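One structure below.
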Amino acid sequence: MTTNIKDMANNNPAKSISNSIAALVLGVASLAAVNVHAYDLQANTIYAQAEHAVYAIDVEAGSAKKVADAVATLSGLQDLAFDGSSMYGVNKHWQLMKLEPLDSAATSVKDAESFSLQFEGLEARGGVLYAAERNSMLVIDQATGDTDYVCDGCVGYGLGAGEMVTDLAFTETGTLYASVQFSGIPYTYLGTIDVATGVLNLIGNTGVENIVAITVKDAVIYAMDKLGDLYTLNDVSGFATDVATGVLPGVTGMATSPRSIVIPVAEQDGQSTEQSAAEEGSGAGSMTWLAMLLAGLVSLLRRSR
C-alpha cells in the first residue's frame with residue numbers, strides 16, 4: 001500500500017491546529033487595526049478644542065489629552081456640539097465641520113465665509129444644531145451648514161445692552177445655558193436662552209473674566225476661560241468655583257458626549273457593524289471580541305502541545 005505524503009501533511013492535526021492559530025492571529029490583528037484610530041470617542045466625556053485640535057478633558061485630574069485634529073480655514077474652530085456620536089464644530093467664519101468616531105480628523109461640511117466673523121457658540125439637541133451669533137440665536141442645517149434664525153422675529157437676545165453669548169450648553173432636561181459677555185464689563189455672566197423665542201435671561205455674575213467655553217456633565221455646569229482654567233458654575237447664582245488651572249490654554253469651546261453612544265467598529269461585506277458604548281467602558285464591544293479570539297487562540301495552543 002502506498003501512502004501519499006502530501007495527503008498525510010494535509011490531514012496532520014498539528015498542521016490543522018497551526019493553520020487555525022494563524023487564522024485567529026490574523027483575526028485579532030484585523031480587529032485591532034479597525035479599532036486603532038486617533039479619535040477614541042468615550043461616553044459622558046467633556047471634549048474641547050484649541051489650536052486646530054480636539055481634546056478630551058479629565059475633570060478629576062484637571063488635564064487635557066489630544067484626540068483628533070480639527071484644522072479649519074481662516075480661523076480655528078470656535079465651539080463643538082454632539083448630535084449622537086457625531087461631533088460638529090464651527091469657526092468664526094461659519095465653516096461647519098464634522099468628526100465621526102472612527103475618524104482621526106474633522107472634515108468640512110461647509111466652507112468658511114471670508115466676510116463673516118459673527119459665530120460664537122454651538123449646541124445640539126433633538127437633531128437640531130443651535131448657534132449663538134454675536135447678537136442672536138440661529139439654527140444650522142447639519143447637511144449644508146446653512147443658517148436661519150431660531151424663530152420668526154428672533155433677531156436679538158432681547159436685552160439690548162450689547163450682550164454677546166460666548167458659548168451654549170444644554171442640560172439633559174433641555175435647559176439651554178449661555179455664557180454672556182458685556183462690553184466694558186470684564187466678568188462673564190451666566191444665563192439661559194429660550195429656544196422658542198431666542199430671549200436671553202441672566203442668572204448672575206460668574207466672578208470670572210473671559211469665560212469662553214461651557215458644558216454640562218452629570219448636571220454640573222463646567223466652564224473654562226481663555227487661560228484654560230476650569231471652573232464649575234452655580235446654576236442659581238452663576239458664581240464660579242475653581243476646579244483646576246491651565247487645563248487647556250487657548251480653549252474656545254466645550255461639549256459633553258452623550259451617556260450612550262453607538263460606534264461603527266468594522267466593515268463586513270460592505271456593511272458597517274455597530275458597537276454600543278455605555279458611560280463606563282465605551283470600548284466594551286471591541287474588547288469582548290478580542291477576548292473571545294484570544295481565548296480561542298489559547299485553547300488551540302494547549303491542544304497543540
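The values are calculated or read from the model by the stated rules, or taken from the named source; none is laboratory data. On a predicted model such as this, the values are computed, not experimentally measured, just so you know. Virtual Cβ from ideal backbone geometry, glycine too; neighbours counted across all protein chains shown.
Residues in the range 68-83 that are of a type in the set (Asp, Glu) and touching a Gly at 6+ places or on another chain (Cβ under 9 Å): Asp79, Asp83. Apart from one condition, Asp167 fits all of (1) buried (at least 21 other Cβ atoms within 10 Å of the Cβ); (2) over 21 Å from the mean Cα position of the chain (by Cα); the exception is (2). Here Glu133 does not qualify as closer than 18 Å to Tyr149 by Cβ and either aliphatic (A, V, I, L, M) or touching a strand residue (DSSP E or B) at 6+ places or on another chain (Cβ under 6 Å) (or both).
Taking (1) of a type outside the set (A, V, I, L, M, F, W, C); (2) under 22 Å from the mean Cα position of the chain (by Cα); (3) under 14 Å from Asn201 (Cα atoms) in turn, Gly160 satisfies each apart from (2).
Residues in the range 156-174 that are in contact (Cβ under 8 Å) with a residue 24 or more places away in the chain and assigned to a loop (DSSP other than H, G, I, E, B): Gly156, Tyr157, Gly158, Leu159, Thr171, Glu172, Gly174. Criterion applied to Tyr177, Tyr189 was being in contact (Cβ under 8 Å) with a residue 12 or more places away in the chain, over 23 Å from Leu77 (Cβ atoms) and part of a strand (DSSP E or B), and the one residue passing it is Tyr189. Could you please let me know if Ala43 is under 25 Å from Asp225 (Cα atoms), modelled with pLDDT of 90 or more and part of a strand (DSSP E or B)? No, not satisfied.
Going residue by residue through the range 30-39, is there one that turns out to be under 30 Å from Val243 (Cα atoms) and at pLDDT 50 or above? Yes, the range 30-39 has at least one match. The residue that is farthest from the chain's Cα centre (by Cα), counting only those in the range 217-243 that are crowded, with 20+ Cβ neighbours inside 10 Å and among the aliphatic types (A, V, I, L, M), is Ala240. For Ala72, state whether it is assigned to a loop (DSSP other than H, G, I, E, B) and either modelled with pLDDT of 85 or more or closer than 24 Å to Ile211 by Cα (or both). Here the answer is yes, as Ala72 does meet what is asked.
Considering Ala70, Ala112, the condition of being small (Gly, Ala, Ser), farther than 19 Å from Phe170 by Cα, within 16 Å of the chain's Cα centre (by Cα) and crowded, with 16+ Cβ neighbours inside 10 Å is satisfied by Ala70 alone. Can you confirm whether Leu80 is crowded, with 21+ Cβ neighbours inside 10 Å, under 22 Å from Asp229 (Cβ atoms) and touching a residue at least 60 places away in the same chain (Cβ under 8 Å)? So Leu80 passes the test.
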